[in-house]
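> First the structure, then my questions, so here it is.
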Amino acid sequence: MTELVGKELVVVGNGMVGHRLVQAVRDRDTAGTWRITVLGEEPRPAYDRVALSSCVDGKSADDLTLPAVSDPLVQLHLGDAAVALDRDARVVRTASGAEFRYDALVLATGSVPFVPPVPGRDLPGCFVYRTLDDLDAIMAAAERAVAAPRPGRRSAVVVGGGLLGLEAARALRLLGLSPQVVEIAPRLMPMQVDEGGGAVLRRLVESEDLQVRCGVSVTSIAEDRGRLIATLSDGVELDADLVVFSAGIRPADGLAREAGLPLGERGGVLVNSACRSPDPHIWAVGEVAALEGRTYGLVAPGYAMAEVVADRLLGGEATMTPADLDTSTQLKMLGVDVASFGDALARTPGALEVVVNDPVAGSYAKLVVSDDAKTLLGGVLVGDASKYATLRPLVGSPLPADPVAMIAPGGVELGADALPDSAQVCSCNAITKGAICSAIADGAHDVPAIKACTRAGTSCGSCVPMLKKLLEQSGVEVSKALCEHFAVSRAELFEIIAGTGIRTFSELIAQYGRGRGCDICKPAVASILASLGTGHVLSGEQATLQDTNDHFLANLQRNGTYSVVPRIPGGEITPEGLITIGEVARDFGLYTKITGGQRIDMFGARVEQLPAIWRRLVDAGFESGHAYGKALRTVKSCVGTTWCRYGQQDSVGLAVALELRYRGLRAPHKVKAGVSGCARECAEARSKDFGVIATEKGWNLYVGGNGGFQPRHADLLASDVDTDALISLIDRFLMFYIRTADRLQRTAAWIEAMDGGLDHLRAVIVDDSLGICADLEAAMEAHVANYSDEWRGVLEDPEKLERFVSFVNAPDTPDPTISFVSERGQPVPVPLGLPGVRA
Amino acid sequence: MTAETIHTAGTVHDAPSDIRWETVCLLDRLLPERGAAALLAAGGEPVQVALFRMVDDTVHAIGNIDPFSGAAVLSRGIVGDRGGVPIVASPVYKQAFNLITGQCLDDPDVRVPVYPVRIADGWLQVGIP
């Protein structure tokens with residue numbers, strides 16, 4: 001291609017593949033050859049459509065948004081569909097009449113849902129499931145149905161039992177409806193799973209409160225007293241509050257069709273293996289492309305097409321390879337693991353099938369091998385897909401072991417060395433084992449580093465276990481050592497301290513460490529000892545382990561003074577309490593500020609003033625707020641039913657109870673919480689380590705959120721639980737976190753690093769899969785029973801009080817370096833000069 | 001004064017002859033491996049010294065001002081070791097300082113003053129130039 005600077009590239013469609021194409025062009029086009037205009041029909045930025053149903057269990061539309069390509073060479077023109085294409089003039093026109101001239105045009109319009117032509121399909125209450133707007137409409141209708149004043153269960157009919165249909169059913173179930181799935185094929189997921197796998201899948205999803213009808217179709221839909229009746233081909237009538245069509249997709253190829261471009265037999269813009277149409281200026285990628293006649297409804301082949309076109313636009317010669325068209329999938333359908341890879345349905349002539357079917361355990365596994373039983377061609381896994389990460393990359397390679405042993409329970413465990421270098425480990429991004437191994441050799445020594453430099457594991461994540469195996473195999477030892485004094489991790493140290501009964505740092509380091517300790521291991525051990533209930537944090541040797549904040553039970557500020565925060569549970573405070581805080585601050589010359597956790601921080605206290613300040617506060621009924629500790633900080637709340645017209649539960653009452661229950665609880669990092677009285681979420685509970693949101697029936701519990709450097713929304717752990725069940729769950733969650741997290745690891749990072757993530761956490765603390773819940777709850781009960789105020793503990797102990805002096809030889813002389821000036825009516829520190837110490 | 005010992009933990013503590021010894025407190029007033037600040041005077045100017053009693057009852061004295069923040073807080077840091085070198089970690093931005101030489105381990109160009117220390121009859125004394 002000739003180097004014409006300033007050529008115009010127009011991309012029609014702003015879905016996942018269109019977005020990837022823009023990214024791929026910008027990554028390669030360092031000379032700025034192409035100016036890119038993206039025309040999107042939806043008004044919002046590109047988002048992860050594959051994760052659509054996660055919007056129902058807590059994610060917001062923003063969570064799904066793909067990283068923006070912010071670049072002066074890229075213009076987004078959204079909320080305005082392209083409606084006409086003039087190939088002679090090389091111009092695209094949009095619905096609003098805007099015109100865009102192109103040197104190259106990439107069609108990435110995706111597809112539209114296929115709605116079978118049944119009578120009544122346009123009635124109110126009938127929906128399709130493809131975009132965020134579709135989902136919003138479904139959610140609103142489900143909410144109306146649930147709120148309708150009538151008895152009986154709310155139900156929905158899902159037309160189509162494929163991948164999309166089961167996703168829709170999952171979303172509907174989470175919205176409180178009973179879904180009934182109608183699939184015209186004799187089994188669920190007919191494109192991915194064979195008959196045996198389909199039968200196991202059906203049994204597993206039916207046990208998840210889902211009704212399945214296979215081998216029938218919907219023939220009509222009628223309205224009946226505000227509800228819908230779907231009549232099936234076998235005469236059965238299903239009544240439903242809503243009907244969702246997810247019976248497949250059709251390429252959105254209207255623009256190409258009207259412009260006279262040739263289409264595939266089953267629709268789609270016909271393109272060659274370079275994704276180019278017969279018009280040399282027009283390309284197609286993703287679901288709208290009929291690549292050599294065939295369309296692909298998965299994102300991975302779409303991404304591969306985007307990469308090919310980007311390469312071609314910049315003068316490359318890339319073409320699609322069979323590996324790029326890999327339609328392997330692994331997913332969790334309503335809690336059931338399903339994987340399908342390679343020639344799953346054994347369409348290769350002479351292919352042999354090896355099946356291990358265990359209906360009792362609820363698992364089905366099949367491998368498809370070549371007629372000489374030497375090469376793996378594909379397979380299906382239902383119920384347990386843990387072997388997917390190892391098996392899929394082996395497709396097309398010689399079998400490393402007996403195929404039955406490879407899928408039988410207790411059979412051979414394949415290591416990473418079974419894979420050839422050419423095997424594609426990450427099929428979403430087409431990354432081979434060879435590429436990952438050379439990244440490891442170049443210094444990528446953990447999974448995040450591999451993700452950053454190869455993009456492997458960044459899309460669906462199913463290959464992450466294989467990335468870990470490759471790391472292990474390459475001999476990269478991931479050090480868990482806490483610091484130079486302890487070769488074990490914080491979690492292991494916790495086990496050691498809990499198991500051995502050792503209660504002093506000296507004894508611990510003598511037996512399990514080396515040296516004298518440092519500012520990493522000492523506070524970590526101090527926190528573990530505190531979590532195990534070893535008395536006041538300043539008792540005996542423990543005092544020497546504490547970070548300065550914990551040592552002075554206050555927060556060190558930049559000029560060497562401290563700030564003081566009394567606990568104000570749930571943010572609820574009496575006028576007398578406010579007056580006390582005001583008087584204390586005034587009398588000690590402290591600066592006051594309202595904190596984000598609904599309490600009051602008093603700044604500028606000198607060490608020797610702290611006991612006198614606490615004395616006044618404690619006498620007025622206050623206690624330490626633990627603002628200085630890696631500990632429970634606050635449980636923020638909105639006013640709830642007591643005052644709010646919209647509140648559904650007493651959020652303040654619960655927040656106060658929770659804060660009093662967990663006050664003083666020390667943890668690997670600070671813990672923040674919130675309680676909102678309704679879904680309007682005024683307490684911002686989802687930005688907390690644990691957040692509770694009231695529902696009509698009880699409480700929803702969210703875990704793993706935080707603000708800060710990397711903000712993250714908490715994920716739904718349990719819904720509609722009553723107060724007792726809620727408290728048990730939080731007890732278990734916090735204790736499990738305290739016992740197993742790394743030092744300074746917030747709950748979000750802890751869950752993310754856990755093998756199995758949120759699902760594993762749920763298994764442990766909701767389903768008690770490890771049998772430790774009773775123990776966790778007992779540990780929390782012990783904490784609650786042994787709590788005492790740390791400030792009062794100092795005030796009542798002359799030996800501890802003795803440490804709160806400015807100078808050991810001049811106890812009441814203020815530190816001469818500290819001084820204040822007045823700003824906006826309050827004292828603020830005079831900036832400190834730095835001594836000339838540099839050589 | 002009887003039972004006088006000069007702690008010379010490393011050669012840098014070799015005390016010059018014209019230093020003045022100021023008595024600070026009884027040794028037992030200091031908690032092992034936990035610092036304390038003392039206010040002394042050198043030529044009429046106030047000097048803040050951070051004192052650290054180790055488990056073997058030796059005592060180190062360094063300047064109390066943290067050179068990275070300007071705050072007089074080094075006595076409030078956590079005491080420990082790095083590769084066997086006794087250190088205190090500044091409580092402000094966590095840089096480690098060698099308790100024997102005053103040198104910062106994280107930025108070798110930075111150094112805080114060190115002072116000689118001796119124990120006389122259970123009394124801790126710091127040598128001021």
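All of the numbers you see were taken from the coordinates with simple rules; none came from a lab. Computed from a predicted structure; not experimentally measured. Neighbour counts are summed over all protein chains in view; Cβ atoms, including those assigned to glycine, are modelled from backbone coordinates with ideal geometry.
> About the Cα centre of the stretch A:328-414, how large is the charge dipole given +1 on each Lys and Arg Cβ and -1 on each Asp and Glu Cβ? Please answer in debye to the nearest 20.
Roughly 220 debye, rounded to the nearest 20.
> So for chain A: antiparallel DSSP bridges make up what percent, rounded to the nearest 5?
So the antiparallel bridges in chain A amount to around 60 percent.
> So if we plug the beta-carbon distance of residue A:643 and residue A:695 into 1/(1 + (r/R0)^6) with R0 = 25 Å, what FRET efficiency do we get, rounded to 0.05?
Efficiency at R0 = 25 Å is approximately 0.85.
> Given a Förster radius of 41 Å and the C-beta distance between residue A:500 and residue A:722 as r, what FRET efficiency does 1/(1 + (r/R0)^6) yield to the nearest 0.05?
My answer for the efficiency is 0.60.
> Just to check I understand the Karplus step: with θ = phi - 60° and J = 6.51 cos²θ - 1.76 cosθ + 1.60, what whole-Hz values come out for the stretch B:95-103, glycine and proline as x?
Karplus-based 3J(HN,Hα) across the stretch B:95-103 equals 5, 9, 10, 5, 6, 8, 10, x, 6 Hz.
> I've got another one for you. Give, to the nearest whole percent, the P(r) tail of the stretch A:415-479 beyond 21 angstrom, counting all Cα pairs.
The calculated P(r) of the stretch A:415-479 puts 9 percent of pairs beyond 21 Å.
> Between residue A:181 and residues 5 or more places away or on another chain, which pairs have amide H atoms under 5 Å apart, with H built 1.01 Å from N, and which residues are they?
When sequence neighbours closer than 5 places are left aside, the close amide H contacts are A:158, A:211, A:212, A:213.
> Between residue B:20 and residue A:143, with labels modelled 7 Å along Cα→Cβ, what's the label distance in nm to one decimal, could you check?
7.7
> Determine ³J(HN,Hα), in whole Hz, for all residues of the stretch A:69-78 in sequence, where each value follows from phi through the Karplus function 6.51 cos²θ - 1.76 cosθ + 1.60 and θ = phi - 60°; x replaces Gly and Pro.
With coefficients 6.51, -1.76 and 1.60, one gets 8, 9, 7, x, 8, 10, 10, 9, 10, 9 Hz.
> Residues with beta-carbon under 11 Å from that of residue A:606, excluding residue A:606: net charge, scoring Lys, Arg +1 and Asp, Glu -1?
-3
> Further question on the same structure: Once the piece of chain linking residue A:593 and residue A:123 is laid out straight, how much longer is it, given 0.36 nm per residue of separation minus the C-alpha distance between them?
Full extension from residue A:593 to residue A:123 adds 163.5 nm.
> Sort A:498-508, A:606-616, A:300-310 by packing, meaning the average of other beta carbons within 10 Å per residue, with the highest value first.
Most protected by this proxy first, the peptides run A:300-310, A:606-616, A:498-508.
> Could you tell me how far the Cα centroid of the stretch A:130-150 sits from the Cα centroid of the stretch A:180-227, in Å?
That distance is 21 Å.
> To continue, here is another question. Which percent, nearest 5, of DSSP beta bridges in the stretch A:1-156 are antiparallel?
Bridges in the stretch A:1-156 that DSSP calls antiparallel: roughly 35 percent.
> Here is a further query. From the C-alpha gyration tensor of the protein assembly as shown, pull out the three semi-axes of the equivalent ellipsoid (sqrt of 5λ each), sorted largest to smallest, in whole Å.
Over the Cα atoms of the protein assembly as shown, the semi-axes work out to 62, 33, 29 Å.
> Taking neighbour counts of Cβ atoms within 10 Å as a proxy for exposure, in what order, fewest first, do A:637, B:90 appear?
With the fewest neighbours first, A:637, B:90 line up as B:90, A:637.
> Same structure, new question: Take the cross-link list A:451/A:670; A:469/A:688; A:59/A:433; A:800/B:94; A:593/A:630; A:451/A:636 and give me the ones stretching past 30 Å between alpha-carbons.
Table pairs above 30 Å Cα-Cα are A:469/A:688; A:59/A:433; A:451/A:636.
> Around residue A:375, which amide H atoms from residues at least 5 apart in sequence, or from another chain, sit under 5 Å from its own amide H, with H modelled in the peptide plane?
Under 5 Å from the amide H of residue A:375: A:370, A:399.
> Over all residues in B:27-40, what is the mean tally of Cβ atoms on other chains that come within 10 Å of each residue's Cβ?
The shielding value for this peptide is 5.
> Hey, another quick one. If you place +1 on the Cβ of every Lys and Arg and -1 on the Cβ of every Asp and Glu, how big does the dipole about the Cα centre of the protein assembly as shown come out, in debye to the nearest 20?
Around 1020 debye, computed over the protein assembly as shown.
> Explain nothing, just compute: Karplus ³J(HN,Hα) = 6.51 cos²θ - 1.76 cosθ + 1.60, θ = phi - 60°, for every residue of the stretch A:33-43 in order, whole Hz, x for Gly and Pro.
Here the 3J(HN,Hα) series is 5, 10, 8, 10, 10, 10, 9, x, 6, 6, x Hz.
> Could you give the length gained on full extension between residue A:830 and residue A:49, defined as 0.36 nm per residue of separation minus the Cα-Cα distance, in nm?
275.8 nm
> Taking every DSSP beta bridge with both residues inside the stretch A:126-247, roughly what % is antiparallel (nearest 5)?
Around 40 percent antiparallel, to the nearest 5.
> What is the distance, in nm, between label points placed 7 Å from the Cα along the Cα-to-Cβ direction at residue A:422 and at residue A:710?
Inter-label distance under the simple model: 3.7 nm.
> Cα to Cα, under 21 Å, and not fewer than 8 places away if on the same chain: which lysines meet these conditions relative to residue A:366?
Cα-Cα hits under 21 Å: A:332, A:374, A:387.
> Now for a separate question. Figure the gain on full extension for residue A:225 and residue A:355 (residue separation times 0.36 nm, minus the Cα-Cα span) and round it to one decimal in nm.
Taking residue A:225 through residue A:355 to full extension adds about 41.9 nm, to one decimal.
> Can you figure out the FRET efficiency of residue A:813 with residue B:55, using R₀ = 30 Å and their beta-carbon distance, to the nearest 0.05?
About 0.55, to the nearest 0.05.
> List every residue whose amide H lies under 5 Å from the amide H of residue A:75, counting only residues 5 or more places away in sequence or on a different chain, with H placed 1.01 Å from N in the peptide plane.
The answer is A:36, A:37, A:38.
> Assign one of three labels to the stretch B:28-112, namely rounded, prolate or oblate, based on the Cα gyration tensor with a ≥ b ≥ c the square roots of its eigenvalues; rounded applies when a/c is under 1.5, prolate when it is not and a/b is larger than b/c, and oblate otherwise.
oblate
> Using a simple spin-label model with points 7 Å from Cα along the Cα→Cβ vector, what separation in nm is obtained for residue A:778 and residue A:763?
2.5
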